[in-house]
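The values are calculated or read from the model by the stated rules, or taken from the named source; none is laboratory data. Quantities reported herein were computed from a predicted structural model and do not represent experimental measurements. Virtual Cβ from ideal backbone geometry, glycine too; neighbours counted across all protein chains shown. When the accessible area is computed, the model is the full protein with side chains, heavy atoms only, and any ligands, DNA or RNA have been set aside. Shrake-Rupley method; radii C 1.70, N 1.55, O 1.52, S 1.80 Å.
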Amino acid sequence: VQLQASGGGLVQAGGSLRLSCAASGRTFGSYAMGWFRQAPGKGRGFVAAISGSGGSTLYADSVKGRFTISRDNAKNTVYLQMNSLKPEDTAVYYCAADYSFGVVVPASQYDYWGQGTLVTVSS
């Protein structure tokens, strides 16, 4: 599976962005997907995850109520809608895929990673 993340950019605090992650392959619906982020000088942290069917989702407490993860299996794409952005959301955002059922949280469990897309939120 190859993953291509896009949609990052510069936005003012309070604004919105939608990230996309396009995947190659014919069995996209068999993969749990996740979004992670890495701020400057920090480790990679969990943001959100979604099951292969899209029926289950999970969010980090810091983004709950502001971010929404979704997927379109017909388009082999997972999305991260980010609203009410804060300067502390500034980071490189990565999508990841794991061939499994359910929602996957630990980064170590993901087998495939995209290249990352930079989100910068100005105050």
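Worth a mention:
- FRET efficiency, residue 27 to residue 75 (Cβ-Cβ, R0 22 Å, nearest 0.05): 0.95
- Magnitude of the charge dipole for the stretch 25-123, about its Cα centre and with charges confined to Cβ atoms of Lys, Arg (+1) and Asp, Glu (-1), is about 100 debye.
- Apportionment of accessible area to carbon and sulfur, the stretch 1-108, percent (1.4 Å): 49 percent
- Model label points for residue 16 and residue 118, set 7 angstrom from Cα along the Cα-to-Cβ axis, are 2.5 nm apart.
- Descending semi-axes in Å of the chain, equivalent ellipsoid built from Cα gyration tensor: 23, 14, 13
- In percent, rounded to a whole number, the relative contact order of the stretch 1-69 is 21, using alpha-carbon pairs under 8 Å and six or more apart.
- Length-normalised contact order for the chain - Cα pairs under 8 Å, 6+ apart - percent: 37 percent
- Amide H within-cut-off set for residue 116, under 5 Å, with H built and near neighbours excluded: 5, 95
- Shown in residue order for the stretch 91-108 are the 3J(HN,Hα) couplings computed by the Karplus curve 6.51 cos²θ - 1.76 cosθ + 1.60 at θ = phi - 60°: 4, 8, 9, 10, 9, 8, 10, 9, 7, 6, 7, x, 9, 10, 9, x, 4, 5 Hz (x for Gly and Pro).
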